[in-house]
1. Do you know which of the residues in the range 303-339 that are of a type in the set (S, T, N, Q) and over 24 Å from the mean Cα position of the chain (by Cα) is nearest to K264 (Cα to Cα)?
2. Among residues belonging to the range 177-219 that are outside any strand (DSSP E or B) and of a type in the set (S, T, Y), point out the one that is surrounded by the most Cβ atoms within 10 Å (Cβ to Cβ).
3. Go through the range 305-336 and give me each residue that's surrounded by fewer than 24 Cβ atoms within 10 Å (Cβ to Cβ), more than 21 Å from T259 (Cα to Cα) and in contact with a strand residue (DSSP E or B) (Cβ under 6 Å, 6 or more places away or on another chain).
4. Residues that are within 17 Å of C350 (Cα to Cα), at pLDDT 95 or above and in contact with a strand residue (DSSP E or B) (Cβ under 9 Å, 6 or more places away or on another chain): does the range 262-270 have at least one?
5. Residue check: is K115 open to solvent by 70 Å² or more (accessible area, probe 1.4 Å), of a type in the set (K, R) and more than 20 Å from C54 (Cβ to Cβ)?
6. Does K48 satisfy being assigned to a helix (DSSP H, G or I), over 25 Å from the mean Cα position of the chain (by Cα) and surrounded by fewer than 15 Cβ atoms within 10 Å (Cβ to Cβ)?
7. Being crowded, with 22+ Cβ neighbours inside 10 Å and out of contact with any Cys (no Cβ under 8 Å at 6 or more places or on another chain) is the filter here; which residues of the range 51-70 pass it?
8. Scan (1) under 12 Å from the mean Cα position of the chain (by Cα); (2) in contact (Cβ under 8 Å) with a residue 40 or more places away in the chain; (3) open to solvent by 10 Å² or more (accessible area, probe 1.4 Å) for the single condition P240 breaks and write down its number.
Amino acid sequence: MALKLRFLAMLLFLLLACTAKANPSVFDVTSETYSAKPGSDVTKALAKAWSDACASPSASKVVVPSGTYKLKEATFRGPCKAPIEMQVRGTLQAPANAGQFTRPDTWVGFQYIDKFTLSGGGTFDGQGALVWGQNDCHKNKNCKPIPINLRFEFITNSRVQDITSLNSKNFHMHVFRCKHTTFQHLTITAPEESRNTDGIHIGASTGINITHAKIRTGDDCVSIGDDSHQITVTDVTCGPGHGISIGSLGRYKEEKAVTGIIVKNCTLTNTQNGVRIKTWPDSPSSSTASDIHYENIIMVNVSNPILIDQLYCPYTRCDQKPPSKVKINNVSFKNIKGSSFTPLAVKLVCSRGLPCENVKLTDIDLTYGGDQGPLTSLCSNVKPTITGMKKALACATSSLAPLPLSKK
């Protein structure tokens, strides 16, 4: 009998252990422990709930229920003792005034966390309308820092899914020093006239996957900075905005290479650019961008649908400068179809000091129905391999002479 009771006790213990593992500990900010209420400031309650969840020895979940809550600013740090999830079901609202932030470049940050999930179907509302007119970073390299909605730093083996980033004051999401993290089923929204509201910016990260996202902003839908490797962007709808961009690169000293970028099965609508690689002239040091592949892209009324721009210089004082020192190599554009808003549909302007190599254009079918001239293309300092394209898009116009610097 004693042996049977001991066996049953052990079985019950194992059952409870399995149940605890399958159902993570829940830390609800509206519970009696934290006492947050819709319409109130949730900053302290959310910070305490995160601290408790992060210290849990088993998987945990921080929950923000439906409703609207004020959040002054927050940085959620690891490492945590076990996998952790933040499930935002309601709306978190930032202060409208950018001057209220103690960390002036970040509203909500996540740092040093492994096996993290951000989910819930909720919204991070940056309330950026009052700040957009003050944001001059598009023309002033010494501009004041402005808060980013969501900053992810040193995050590994994680997921960000089923959330909305709305009206960020600056970039919506900034991904830095992250590895093996997926961003999926996201909605990122800001008006076309909102400055510097990039959807997702990636820098110094490896193994980042962006998929099934709807991005409408006033800047790049996705931008990829230096030291980024094995980045995949698939099934993204982009527009309005400035397109899907690699760069800008070559602005700072000792920038590192960009390698292994895939952009596939995306649709761009009414964007200022389509798929773009942009590098600065007069780079302070040499770097490379290689193994970059665009495939199965639909363009709808897009300006500059296919663009390599190694004369990128958005500020007002841009004199002709020495060529870019960013070497672009092994780039392919395949099965890109749709309509161009500009007659110049393919523009490959490479560095005269380091011409692009191994660039391929395959099955490009773009049309132009405007009245600014015939459909055309331009290639400078590059000799692309061209297959399955109409003559107008096949770089019939080429140039080795210096071209005007781009200001977009």
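The values are calculated or read from the model by the stated rules, or taken from the named source; none is laboratory data. Being a predicted model, the structure only gives us computed values, none of them experimental. Cβ: placed from backbone, ideal geometry, glycine included. Neighbour counts: every protein chain shown. Quick note on the areas: whole protein, heavy atoms, side chains included, nothing else; ligands and nucleic acids left out. Shrake-Rupley method; radii C 1.70, N 1.55, O 1.52, S 1.80 Å.
1. S339
2. Step by step, filter the range 177-219, then rank; the result is T197.
3. The one that is surrounded by fewer than 24 Cβ atoms within 10 Å (Cβ to Cβ), more than 21 Å from T259 (Cα to Cα) and in contact with a strand residue (DSSP E or B) (Cβ under 6 Å, 6 or more places away or on another chain): N335.
4. Checked against the condition, which is being within 17 Å of C350 (Cα to Cα), at pLDDT 95 or above and in contact with a strand residue (DSSP E or B) (Cβ under 9 Å, 6 or more places away or on another chain), the range 262-270 yields no hits at all.
5. So K115 does not fit the description; no.
6. When the stated conditions are applied, K48 does not pass them.
7. V62, V64, Y69
8. Condition (1) is where P240 drops out.
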